[in-house]
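A.B. asks: Got a structure for you, questions after.
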Amino acid sequence: MTAIAPQLERDLFMLDLAARGAQRGHGHVEPNPMVGCVATDSTGVVITADHHRTYGGPHAEILVLNTAGDRMRGGTLFVTLEPCDHEGRTGPCTNAIIDASPARVVIGHRDPNPEATGGIERLRSAGIEVDLVEHEPSRRLIEPFCTRWAKHRPWVVAKWAQTLDGHLATRSGQSHWISSVQSRRLVHRERGRVDAILTGIGTVLSDNPRLTARGVRHRRIARRIVVDPSLRIPDDAALLQTLEIAPLTIVCSQDADARRQAQLHDLGVDVIPMPVHDARMNLQHVLEQLQSRHDLSTVLVEAGPGLLSSLAAENCIDEAVVIVAPTLLADARALPSLDGQSPDTIADGLTLTLRRIHRRMDDVVLHYGVSAGSETGNP
Ligand SMILES: NC(=O)c1ccc[n+]([C@@H]2O[C@H](COP(=O)([O-])OP(=O)(O)OC[C@H]3O[C@@H](n4cnc5c(N)ncnc54)[C@H](OP(=O)(O)O)[C@@H]3O)[C@@H](O)[C@H]2O)c1
């Protein structure tokens, strides 16, 4: 193993601290990226740490500098994202940093926004030592933000609960409840933080879900979205009975019954007709439409194998959260998690990157990265 220099090791430790804090902004700051910041004084002692807390609110650096005051002089500022150098909703962070006179600024990732970058050069020209460090957690924090820029669609997190032998439901389509109460609480928490929850008509017909966040504190109200090409959703669907709690979009075929489209529209449903070829919509286009119409940053997918497989085939899944329950169905005809691909070799399969793993009662929750996200790499 290669030894890393003590200074770099300390820089990475502080950036880890900043990145952990940044995650507390999830659900509050989007469509801005999550950002965290830590300040140490001239002797290396931590003065304070903070994060970007709310969209349109002060950036993490400003909160930290306000608390640190004069103790910042000669110290080091660790920030997960390059400080902005432009007049946005708040003033440029670079001015505030220069005024606070730290000796050094350590940055976890360059700002991918061409309007906001330039902070590094500005700080250097003011005589501050600036180090841009390769820091994976800082890169991950801005992935949703970069996806909006690069792919013109929201960040897509696919979540499913499966049995230990890889099934989403029994052969009759029954899936309540594969996962534990604690795992389901985790899902409700996430529902309260994302902009939208996407499902397919198969899940609506089989499970009649509400797709609302219950028993948790909301950070935002997620729009429910159903891919329902032929408008098979029944009038008594729970999604239609809960329109006053959360908005609903139905994405249907352009050829779907016009009267039914109008009926749903009159009920307050946002109906988006899309072209369908060979019984398939282009889901990348669907996601682009949804983003431009509703300004979505993060979408949580809670669907069956039909929609999950279509999204995977179109490379439209960025992250997967798989809850594995300690149940064996031992039935080859029970529903698989994904379907429809026929790789000849193992190497032709989809390879994911395991990012985090934790336990909820007897379930194991696995967090995977799906896309490499190379376009977000540090220059
Ligand atoms: N364990 C879990 O976490 C979990 C989560 C959700 C659901 N489930 C289970 O999954 C089962 C339902 O699976 P499912 O595959 O039928 O449901 P689904 O994925 O929710 O819906 C599939 C339907 O969505 C439409 N669709 C999907 N991709 C499309 C595309 N590219 N273009 C156009 N339409 C598209 C199709 O509708 P049309 O047929 O109308 O064309 C398709 O039949 C149920 O048993 C449910 O309990 C399990």
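A.B. asks: Can you give me the C-alpha center-to-center distance between segment 322-368 and segment 263-298, rounded to a whole angstrom?
C.D. replies: 28
A.B. asks: Report, in deg cm²/dmol and to the nearest 500, the calculated mean residue ellipticity at 222 nm for the chain, where each DSSP H run with n ≥ 4 adds -39500 (n - 2.57) and the sum is divided by the residue count.
C.D. replies: Details: 12 runs with 109 residues, N = 379.
Result for the chain: -8000 deg cm²/dmol, rounded to the nearest 500.
A.B. asks: Tell me which of 299, 194, 311 sits at the most positive position along the dipole axis of segment 145-376, charges placed on C-beta atoms (Lys, Arg +1; Asp, Glu -1).
C.D. replies: The residue sitting most towards the positive pole is 194.
A.B. asks: OK, next. How big is the dipole moment of segment 6-141 about its Cα centre under a simple scheme where the beta carbon of each Lys and Arg is +1, that of each Asp and Glu is -1, and everything else is neutral? Debye, nearest 20, please. Walk me through the intermediate numbers first.
C.D. replies: Values: 13 positive and 19 negative charges, 55 e Å.
Approximately 260 debye in magnitude.
A.B. asks: Specify the angular offset, from 0 to 90 degrees and rounded to the nearest 10, of the alpha carbon long axis of helix 283-294 from the longest principal axis of the alpha carbons in the chain.
C.D. replies: It works out to around 60 degrees.
A.B. asks: Run the dipole for segment 287-357 about the Cα centre, Lys and Arg Cβ at +1, Asp and Glu Cβ at -1, nothing else charged, and hand back the magnitude in debye, nearest 20.
C.D. replies: 240
A.B. asks: Still on this structure, please answer the following. Using a cut-off of under 15 Å, list every residue of segment 55-77 whose amide N is near the label point 7 Å from the Cα of residue 43 along the Cα-to-beta-carbon line.
C.D. replies: In segment 55-77, the label zone of residue 43 (backbone N under 15 Å from the point 7 Å along Cα→Cβ) covers 71-76.
A.B. asks: Give the long-range amide H neighbours of residue 48: residues separated by 5 or more places, or on another chain, with amide H under 5 Å away, using H modelled in the peptide plane at 1.01 Å from N.
C.D. replies: Residues meeting the criterion, in which the H sits 1.01 Å from N, are 39.
A.B. asks: Find which of 137, 251, 170 sits farthest along the positive direction of the dipole of the chain, computed with +1 on the beta-carbon of Lys and Arg, -1 on that of Asp and Glu, about the Cα centre.
C.D. replies: The residue sitting most towards the positive pole is 170.
A.B. asks: Could you tell me which of 324, 91, 262 has its Cα farthest along the dipole of the chain towards the positive end, charges placed at Cβ (Lys, Arg +1; Asp, Glu -1), taken about the Cα centre?
C.D. replies: Result: 324.
A.B. asks: How big is the dipole moment of the chain about its Cα centre under a simple scheme where the beta carbon of each Lys and Arg is +1, that of each Asp and Glu is -1, and everything else is neutral? Debye, nearest 20, please. List each step's numbers first, then the result.
C.D. replies: Working: 40 positive and 46 negative charges, 216 e Å.
Using Cβ point charges on Lys, Arg, Asp and Glu, the chain gives about 1040 debye.
Bear in mind these aren't lab numbers, they're just calculated from the coordinates by the rules spelled out. For clarity, every value in this text was computed on a predicted model and none was experimentally measured. Note that each Cβ is placed from the backbone with ideal geometry, even for glycine, and that neighbours are counted across all protein chains shown.
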